[in-house]
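Accompanying notes for the structure given below.
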Amino acid sequence: MTFLSLVFLLAFTFGWDHSLFSQSINVGTTAAAMLSTNPISIAPAIGAGVLPDPQNDPMSGARSARSISSAGMDTSDLLRGGDTLIIRLTGVPSQDQGIFEVKIDESGNISMPHIGSLTAANSTTVELKKLIETTYLKEEIFTNPNVTVDLKEQRFVDVTGEVRVPQRVPYTKDLTALGAVAACGGFTDFANRRRVRLTQGGVTQEFNAKEIQVDQGKDIRLRPNDKIQVDRSIF
């Protein structure tokens with residue numbers, strides 16, 4: 001039913017009122033004209049309902065490629081304060097070539113000839129090599145420097161207590177808690193295998209070695225300077 005038909009029906013039902021009828025006609029005509037000349041666009045309403053991009057929406061729980069990479073990053077190879085480095089500098093005039101033994105200070109820095117202080121902590125040896133070479137080039141000190149960076153001292157994991165040969169185990173990237181114990185000859189007959197203490201970064205936790213022996217997927221990846229303490233069982 002059209003708008004005008006509805007008006008005529010109301011007029012017939014409730015009585016004819018010319019003024020009301022005229023006003024209704026005017027309102028209906030005006031509304032029709034507005035609709036014809038200014039059609040309502042629904043595009044903004046549709047656009048307002050578009051779901052946010054999960055890559056950029058912090059509420060979606062999605063993580064960017066950068067955050068995922070950082071979360072899975074292995075920090076065991078990063079240099080830290082107290083590390084002693086052997087840095088070889090070649091590809092430069094003979095009087096500047098040399099092998100330098102430098103120690104990363106408490107601030108995480110080292111000092112190199114002609115360029116002074118550089119931040120070494122929290123980078124790998126490869127990253128530090130590139131930083132030194134790039135700095136020499138940017139400062140226009142050398143045109144073709146070649147740098148190698150190596151750790152002077154090997155890193156270790158300490159294993160003490162109820163193992164057959166308590167000792168410092170050389171650290172490797174694939175070293176695990178039970179692997180370190182195995183390198184010490186295994187547990188003694190008196191070892192408390194259910195509550196083995198592991199200290200990483202100053203934080204001590206306990207793990208059940210018997211459970212790990214059943215499911216090796218639960219074994220714990222170690223980091224340099226970790227400490228494992230195996231206590232004696234009271235039973």
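Rule-based calculations on the coordinates, nothing more; no lab input. From a predicted model like this one, the values you see are computed outputs, not experimental measurements. Positions of Cβ are generated from backbone atoms using ideal geometry, with glycine treated the same way; all protein chains shown enter the neighbour counts.
Would you check if Ser111 is out of contact with any Leu (no Cβ under 9 Å at 6 or more places or on another chain), free of Cβ contacts under 8 Å to residues at least 40 places away in the same chain and hydroxyl-bearing (Ser, Thr, Tyr)? So Ser111 fails the test.
Scanning segment 130-147 turns up no residue that is touching an Asp or Glu at 6+ places or on another chain (Cβ under 8 Å) and closer than 30 Å to Ile228 by Cα.
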